[in-house]
Structure formats: structure tokens, C-alpha cells
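Here is the structure we will look at.
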Amino acid sequence: MKIRTFLFLLLIGAMSFACTSQKQSSLHTTEQYVVMLSMDGWRWDYASRVETPNLDYIATMGVMAEYSKPAFPSKTFPNHYSMATGLYPDNHGIVDNNFTCPELGTYRLGDRASVENGAFYGGEPIWVTAETQGVTTASFFWVGSEAPVKGVQPTYWKQFDGRVPFTDRIDTVLHWLQLPLDQRPRLVTFYFQEPDSQGHATGPDSPEIDQLVMHLDSLVGVLIAGLKDLDIYNQINLIVTSDHGMTEVSPERYIDISAYTPRNWYTRTHGGNPLLHADPIEGMMDSIYNILQQVENIYVWKKAEVPARLNYGTNPRIGELVILADSTWSVGWGRAREGYNSGGAHGWDNAKKDMHTIFYAMGPAFKVNHRHQAIEVVDLYPLIARIMGLRPAEVDGKMERVEGMLR
Ligand code: AMP
Ligand code: ZN
Ligand code: ZN
């Protein structure tokens, strides 16, 4: 009797152990990973101009959106941080690549002290959402990842250094994904500063861009091949996207704002082509505004009058006057320096087609061979949160715009 009871209990124990370990292992084999690569300044149409077999592969095995619309201004820092937080720049505070904050002073993309000062960054980057919910994350360069936001940073992160070869970045990402389970990141974001730099140098329609786009596509191939070698490949969702497009500029289309309103009429000027922020000295607002209204090929708005569709104008870091060049025109203070305003640039109205960028994705969460309507960069946050089963913060991005691409 005693022995039978003992055997019975042993059997129950063994069964429940089997159930738990099965549950645990099924948990681990169904948990989804997200690997997101941003290739800076990849205009929406670049891949249609040359052979890009690896991006085509992602589109066939997964999803390609018609385009991804950047947030205004269509610059690198505001947009990478919009991708991370799901918020428009007005709401996350990185309102330009360079700006002045009334409390914190100057923020400049080249200035480590400001880039690494968490006080500049509002909202909640997706890696903060993940880490605070117990999910390990890693970033090989991403705007905001070099500073503690809400006191949190990715478990693994790197200080930006554009000289690190792209292949080294891929190797590190693949290494992270092979770490033991308790150290392995489930969300990896990483960044290449091309084809943006080349686009600035030679313009978006140059043969150099075509060559580079093919090369970058081959690196996407290297990444995919590396991911396929991992045991967890069938759990990995790969997103390849970018922050904005590029348009051709010319020194012949340059407007010197100080030729109409001397810079000493303002107490504060910041930003950069094609978007200038300016605070007129007291009592000068209306006269400056009226003068600039007459200048062709620029828009000038009092901060509160910026068109609602740009979602821009409430943040204290935005100037009292917002001056935006039209289309492919450039603006600045003083005579343009030699060699300036040639090649390519970006930052214009995000309704402008040339500012639009790419979105590709494949993996267990995504439909196969699915063409999707245009999305916005702010939609990436809710999309990733949904895929990873994270409780999202409240954001500007819309799940409705992206959920149709999910299985
Ligand atoms: P822009 O084209 O002016 O909007 O900015 C693009 C440049 O931003 C790239 O060429 C990079 O050199 C720079 N950049 C990108 N990410 C970072 C970062 N995390 N820290 C510093 N600079 C960065
Ligand atoms: Zn950029
Ligand atoms: Zn750029």
C-alpha cells in the first residue's frame, strides 16, 4: 500500500515536472525576437533603381510598405527618436538635430555631453519599455540609446563611432543573439549612417548612391545569412527601415535670411537648413514676420501657426518663429560657405515625396509576401511592442496603420 502510494506520487510528480519543463521550453521557443536595422537616409525609391535581391527577399518572405513617412522635421535625430518612442518630435523633445532648450541649453548631434544627457529625452524608448518589463535589449548605435531615459538604457549599447565597419556591427548583433538565454537580448536595434552621408555628398540621383545601395543590400544579405544560422532563426523578426529620404539641393537655390532680417534682431537662432528657429527681440515679432512673409520660397510661421499636419509647435525648444525652406530651396544665416548647398539634403515638409523612406519586415509575426499601405515612423513603437508582447506607453503611432501586416 505504502509503496503503491509512493509510486503514485512519484508518477504525479514526474508528470507535473514534464508539464512545467514543456511549458517552459515552449515559452522559450515561441518568444519572438525583434532585430531592427536603420540605414540612414534611404529614400523610398532607391531600391527600385538597382538590383536589391536581399531587400526583395524580405519583401517576398514578409512585408514591404509603400513607404514610411518621417516625422517633421525629416532629420536624423528627431526621426530615430520618433521610431524609438512612437512620439512626434514635438512630444519627445528632440525637435531637431541641433536646438536650444530653455532649461538645459544647447543640444547638438556632434556634442557627446548633450547626446548623453538623459534630461533632453522625453517619452519612453521601446528599449526602456522592454527593460522595465524584464526584457533584455541591445543597441549598436541608436539616437537616445547612449543616455539613460527614465534612468534606463539598453543592457548592451555603444557610444556612436561612425568609423566602426558595418560588418563589425552585424557581427556583434549576431554575437548578442547567441549569448546564453539569460543574457541574450530579445530586442536589438542598430544603425548604419549610410546612404545618408553619400546622399549629402553627391546627391540622391548620383551613380555613387546606386553603387552604395547595392553594397548595403549585400550587407543585408550577410545579416540574413547570419540570422539563418542561429537556432532561434524562426523566432526572429527582422525590420529594415530608415529615417527619411533625400533631395537634390543647389547653391543657386539658397536664401540668406539675414539679408532680410539681420541676425541681431533675434535673441536666439538655432536649427539648421532647411528649418530655422528664431526668437525675435522684444517688440520685433510682427515686423520680422511681415518682412519674411514677403520672401519667396520660404514659409514663415509663428510657432502656434505651424500647420497641424506637421505636429510641430508646442514644445518650448521650438523657436517663436519657424522658418522652413520650400521644396529644394535652402536657408541659412549669412552668405553660404563654399561647397555648401550642393549634393543632397533633407529636413523638409514630411509630405514631400523625396522625404519618404522604406519599411521592410519578415519573421514569424509578419504576413508573407504582403504589400502594405504607407506607415509612419512613429508606428514602429506600437508595432514592436505588439510583436514582443510588451505593454506599450501611450504614443502618437497608430496600431491601426500597421496591424494588417501581422499574421
Ligand atoms: P543628418 O544627416 O544631419 O540628419 O545626420 C546624420 C548623421 O548623424 C550621421 O552621419 C551620423 O554621423 C550622425 N549620427 C547618427 N547617430 C548618431 C549618434 N547616436 N550620435 C552622434 N551622431 C550620430
Ligand atoms: Zn538621417
Ligand atoms: Zn543626412
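The values are calculated or read from the model by the stated rules, or taken from the named source; none is laboratory data. Only a predicted model underlies this, so the values are computations on that prediction, with no experimental measurement involved. Here Cβ is always computed from backbone atoms with ideal geometry, including for glycine, and neighbour counts include all displayed protein chains.
Do we find that residue 163 is more than 16 Å from ligand 1 (Cβ to nearest atom) and either within 17 Å of residue 387 (Cβ to Cβ) or of a type outside the set (Phe, Trp, Tyr) (or both) in this structure? It is false that residue 163 is more than 16 Å from ligand 1 (Cβ to nearest atom) and either within 17 Å of residue 387 (Cβ to Cβ) or of a type outside the set (Phe, Trp, Tyr) (or both). Out of 70, 78, one residue alone is without any contact (Cβ under 8 Å) to a residue 40 or more places away in the chain and within 19 Å of residue 375 (Cα to Cα). It is 78. The set of residues in segment 265-306 being in a helix (DSSP H, G or I), in contact (Cβ under 8 Å) with a residue 12 or more places away in the chain and not aromatic (Phe, Trp, Tyr) consists of 285, 288, 291, 292, 303. Go through segment 37-52 and count every residue that is more than 14 Å from ligand 3 (Cβ to nearest atom) and surrounded by fewer than 24 Cβ atoms within 10 Å (Cβ to Cβ). Result for segment 37-52: 8.
Considering 332, 313, 319, 271, which residue is within 16 Å of ligand 2 (Cβ to nearest atom), closer than 30 Å to residue 378 by Cα and of a type in the set (Gly, Ala, Ser)?
Details: 332 fails: within 16 Å of ligand 2 (Cβ to nearest atom); 313 fails: within 16 Å of ligand 2 (Cβ to nearest atom); 319 fails: within 16 Å of ligand 2 (Cβ to nearest atom).
On inspection, the qualifying residue turns out to be 271.
Just one of the numbered conditions (1) touching a residue at least 40 places away in the same chain (Cβ under 8 Å); (2) hydroxyl-bearing (Ser, Thr, Tyr); (3) part of a strand (DSSP E or B); (4) within 23 Å of residue 82 (Cβ to Cβ) is not true of residue 312: (3). Where strands (runs of 3 or more DSSP E) fall wholly inside segment 332-384, the ranges with 3 or more residues that are farther than 22 Å from residue 250 by Cβ and either within 16 Å of ligand 1 (Cβ to nearest atom) or in contact with a Gly (Cβ under 9 Å, 6 or more places away or on another chain) (or both) are 359-362. Residues in segment 76-102 that are part of a helix (DSSP H, G or I), more than 16 Å from ligand 3 (Cβ to nearest atom), surrounded by 24 or more Cβ atoms within 10 Å (Cβ to Cβ) and of a type outside the set (Ser, Thr, Tyr): 84, 92. Selection within segment 59-75: residues that are buried (at least 24 other Cβ atoms within 10 Å of the Cβ) and among the aliphatic types (A, V, I, L, M). The member of this set that is nearest to residue 351 (Cα to Cα) is 71.
Considering only residues that are among the small types (Gly, Ala, Ser) and modelled with pLDDT of 95 or more, look in segment 19-42 and name the one that is farthest from ligand 2 (Cβ to nearest atom).
Ranking the candidates gives 38 first.
How about segment 103-153: which of its residues are surrounded by fewer than 23 Cβ atoms within 10 Å (Cβ to Cβ) and among the polar types (S, T, N, Q)? Those that are surrounded by fewer than 23 Cβ atoms within 10 Å (Cβ to Cβ) and among the polar types (S, T, N, Q): 106, 114, 117, 132, 133, 136, 153.
Restricting to segment 184-232, count the residues that are among the hydroxyl-bearing types (Ser, Thr, Tyr) and buried (at least 16 other Cβ atoms within 10 Å of the Cβ).
Final tally of qualifying residues: 4.
Remark: pairs (first residue in segment 114-136, closer than 15 Å to residue 389 by Cβ; second residue part of a helix (DSSP H, G or I); Cβ separation under 6 Å; 6+ apart in sequence or on different chains) = 126/84; 126/381; 126/384.
So that you can scan it fast, the table gives a plain yes or no per residue for (1) β-branched (Val, Ile, Thr); (2) in a helix (DSSP H, G or I); (3) within 18 Å of the chain's Cα centre (by Cα):
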{"site": "161", "(1), (2), (3)": "no, no, yes"}
{"site": "183", "(1), (2), (3)": "no, no, no"}
{"site": "208", "(1), (2), (3)": "no, yes, no"}
{"site": "215", "(1), (2), (3)": "no, yes, no"}
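The rows are residues; the columns are (1) in a strand (DSSP E or B); (2) within 16 Å of ligand 1 (Cβ to nearest atom); (3) touching a strand residue (DSSP E or B) at 6+ places or on another chain (Cβ under 7 Å); (4) of a type in the set (Asp, Glu).
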site: 191; (1), (2), (3), (4): yes, yes, yes, no
site: 226; (1), (2), (3), (4): no, no, no, no
site: 231; (1), (2), (3), (4): no, no, no, yes
site: 237; (1), (2), (3), (4): yes, no, yes, no
site: 245; (1), (2), (3), (4): no, yes, yes, no
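For segment 202-213, the count of residues that are closer than 27 Å to residue 233 by Cβ, hydroxyl-bearing (Ser, Thr, Tyr) and modelled with pLDDT of 95 or more is zero. Among residues of segment 57-75 being among the hydroxyl-bearing types (Ser, Thr, Tyr) and under 15 Å from residue 358 (Cβ atoms), the one that is nearest to ligand 2 (Cβ to nearest atom) is 74.
For segment 333-385, a tally of residues being among the aromatic types (Phe, Trp, Tyr) and under 30 Å from residue 221 (Cβ atoms) returns 4. Please go through segment 80-129 and give me each residue that is acidic (Asp, Glu) and within 16 Å of ligand 1 (Cβ to nearest atom), ordered by number. If the condition is that a residue be acidic (Asp, Glu) and within 16 Å of ligand 1 (Cβ to nearest atom), then 96, 111, 116 are the ones that fit.
I'd like the residue in segment 103-123 that is in a loop (DSSP other than H, G, I, E, B) and within 16 Å of ligand 3 (Cβ to nearest atom) and, out of all such residues, is nearest to residue 326 (Cα to Cα). So, considering only residues that are in a loop (DSSP other than H, G, I, E, B) and within 16 Å of ligand 3 (Cβ to nearest atom), the one nearest to residue 326 (Cα to Cα) is 109.
Looking at segment 359-407 only, could you name the residues that are of a type in the set (Val, Ile, Thr) and more than 24 Å from residue 90 (Cβ to Cβ)? Passing the criteria: 368, 387.
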